[in-house]
Amino acid sequence: MIASPRSTILVVDDEPFNRDLLVQQLDMYETRLAASGEEGLRQVAEAPPDLILLDVMMPGIDGFEVCRRLKGADATRLIPIVIMTALDAVEDRIRGIEAGADDFLTKPVDERQLLARIRTALRAKHYVDRKVVAAAEVESRARPARALGTVRACGKCAAVYATDTAVCKLCGSPVTFFDKDPLVGRRLDRYEIRDRWGSGGMGCVYVATHATLKEQRYAIKVLYGDRSGDPGYAERFAREADACAKLDHPNIVTVLDFDTTLEGLKYMVMEFVRGRTLREIIEAEAPLSFRRAASIARQIASALACAHARDIVHRDVKPANVMVEESELGERVKLLDFGIVFSLSLDDSARLTSTGVTVGTPLYMAPEQIKDGVVGPASDLYALGVTMYEMICGRPPFDGSALRVAANKLRLTPDPPSTTTGLDRLTWSLLSPRPEDRPQSAVEVIAALDALARDRSEPLVESLSMFDELAAPLMAPPAIAVETVTERLASRNPEIAIEPTLLSVRGPLPGPRSVRGIVTALLAALLVVSGLAAVWTR
């Protein structure tokens with residue numbers, strides 16, 4: 001029996017680029033990342049993987065020592081370890097073999113060769129591990145022709161598992177396969193699960209109704225059982241709920257509830273968005289018209305402006321995380337999945353991601369994320385630029401292998417899309433390799449989109465309320481005073497004539513709620529003055 005395609009592989013490498021490249025190449029496996037030898041040892045102790053890809057030259061404990069420690073312990077000696085290093089001397093290979101490595105590969109490694117070596121190592125582990133073989137034989141007799149799409153879950157608490165697990169980590173009951181998700185039809189506290197909507201890297205999303213308010217539908221995201229029992233994933237899930245709860249904005253999905261069941265299942269209740277993902281729209285209908293692409297981009301930028309004003313960076317902006325629903329006023333956008341948010345206001349001890357660890361989707365990651373793991377508002381704007389490029393071209397800005405795409409991002413700006421709408425120039429500026437060459441805030445992007453729309457006499461679908469429109473300039477970073485994105489675009493393309501817009505405010509940066517209060521007070525004062533003036537004229 002060949003090893004399961006959902007086997008877990010731990011990648012231990014101090015280079016963010018190498019980790020991100022391997023994540024993309026190993027998308028058929030469950031991948032975990034460690035940025036140092038110490039972190040790798042800790043992760044193995046907490047949850048042993050099925051295989052380890054191990055770099056050698058790392059600060060602190062090097063790969064040879066990590067390998068020796070793991071192979072010297074009874075609990076971990078059967079885990080296959082494949083050393084991947086730039087060292088190519090015979091002496092280094094001998095050191096790796098003496099340390100106990102099951103394989104030794106010299107970088108750069110051909111992707112097909114790497115996958116073949118991994119399959120071989122996992123197959124060998126399967127036959128060596130007698131317990132796994134016995135379990136597989138029992139399962140084979142019980143389900144000789146199990147259909148694709150079956151669900152691995154706990155029959156007692158209904159926790160769904162993404163990895164091979166024999167015993168539920170939440171209630172201790174056996175984990176087996178079901179023809180359908182056992183959580184469907186059950187009650188999750190006061191919510192009744194009606195259907196399974198989809199699944200992702202952290203959990204499953206369900207359509208649910210309130211036990212009393214039957215007509216109201218909700219989307220409920222439930223962590224996998226193996227994730228609910230992991231403190232790191234549990235904390236990340238809580239961060240996502242907290243971030244969304246803080247961001248009161250019409251283009252950000254609203255979180256209504258967050259809790260843990262008595263059995264330990266962690267879940268988050270969100271508004272139910274009726275629509276399609278932007279990924280589905282691009283695949284079916286791109287290239288999109290100017291008005292449609294600009295309207296969607298404006299709403300995404302508006303959501304990012306709100307998040308950045310709260311010192312929150314999304315880090316995974318992409319079409320798959322954007323829902324588009326139809327309304328009487330046009331297409332409405334909801335930005336989803338704040339699961340890997342990064343807070344600029346937290347100190348290093350409070351941040352979820354370890355130093356040197358890069359997260360996100362490689363195709364949409366900014367060059368500074370790939371190279372140094374640096375994230376900020378500019379990295380979200382780069383991802384917005386990639387998304388806009390796909391909307392107006394129907395393809396990503398860089399083609400080729402993952403390695404070629406990453407290398408091109410570090411040194412090239414893609415050619416502007418061949419359109420005559422002006423949207424191509426804005427998209428091109430968002431894809432600049434250097435953050436300082438991009439628009440400096442999401443508010444600047446909104447101003448540029450509005451200016452282009454006025455130039456074409458095509459009003460965009462806007463989601464901001466009157467108060468948000470008045471407050472938008474106040475959400476810009478205080479450092480922006482004179483130069484705006486419109487001025488930079490005009491200097492790069494003289495054919496675009498755009499009026500400069502002041503997008504700055506002096507002093508501390510207020511949040512969206514405080515901004516609304518200020519604007520409300522100003523409007524109220526204006527109404528009072530108008531009333532007094534009317535009385536005076538009598």
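What to note about this one:
- Greater than 27 Å apart at Cα, pairs in 107/318; 180/266; 125/371; 221/334: 107/318; 125/371
- Cα-centred dipole magnitude for segment 8-134, charges only on beta-carbon of K, R (+1) and D, E (-1), debye, nearest 20: 620
- Sparsely packed loop sites in segment 212-277 (the GluC sites (Glu not before Pro) outside DSSP H, G, I, E and B with at most 14 other Cβ atoms within 10 Å) comprise 215.
- Sorting the segments 42-49, 290-297, 244-251, 82-89 by their mean number of nearby beta carbons within 10 angstrom, highest to lowest, gives 290-297, 244-251, 82-89, 42-49.
- For the pair segment 24-40 and segment 156-191, the centres of their Cα atoms are 26 angstrom apart.
- Neighbour-count order for 318, 156, fewest beta carbons within 10 angstrom listed first: 156, 318
- Net lengthening on full extension, residue 78/residue 177 (0.36 nm per residue, minus Cα-Cα): 33.0 nm
- Working ranking of peptides 299-305, 219-225, 321-327 by packing, defined as the average number of other Cβ atoms within 10 Å per residue, highest first, is 299-305, 219-225, 321-327.
- Measure of compaction for segment 151-271 (Cα Rg per 2.2 N^0.38 Å): 1.03
- Modelled FRET efficiency - R0 30 Å, residue 437 with residue 245, Cβ distances, 0.05 increments: 0.30
- Debye log10 I(q)/I(0) at q = 0.13, 0.21, 0.24, 0.27 Å⁻¹ for segment 28-87, Cα point scatterers: -0.29, -0.78, -1.03, -1.31
- Farthest positive-ward along segment 8-134 dipole, Cα basis, beta-carbon charges - from 106, 48, 25: 48
- In terms of surrounding Cβ atoms within a 10 Å radius of their Cβ, 254, 361 rank from fewest to most as 254, 361.
- Between the beta carbons of residue 254 and residue 211, assuming R0 = 22 Å, the FRET efficiency works out to 0.65 to the nearest 0.05.
- Fully extending the segment from residue 71 to residue 115 would add 13.6 nm, taking 0.36 nm per residue of separation and subtracting the current Cα-Cα distance.
- Most positive-pole-ward Cα, 255, 241, 201, against dipole of segment 151-271 from beta carbon charges: 201
- Prolate/oblate/rounded call for segment 1-128, Cα gyration tensor, a/c under 1.5 rounded: rounded
- Peptide packing for 382-389, 437-444 was compared via the average number of neighbouring C-beta atoms within 10 Å per residue; ordered from the highest value, the list is 382-389, 437-444.
- Sites residue 234 and residue 45 - FRET efficiency at Förster radius 22 Å, r taken between beta-carbons, to 0.05: 0.75
- Between segment 250-326 and segment 224-246, the C-alpha centres lie 18 angstrom from each other.
- Fewest-first ranking of 151, 160, using other Cβ atoms within 10 Å as the exposure measure: 151, 160
- Farthest toward the positive end of the dipole of segment 8-134, out of 8, 94, 120, is the Cα of 120, where the dipole comes from beta carbon charges about the Cα centre.
Each value in this text was obtained by applying a stated rule to the coordinates, not by laboratory testing. The structure presented is a predicted model; accordingly, all values stated were derived computationally and were not measured. With ideal geometry, Cβ positions are generated from the backbone for all residues, glycine too; neighbour counts draw on all protein chains shown.
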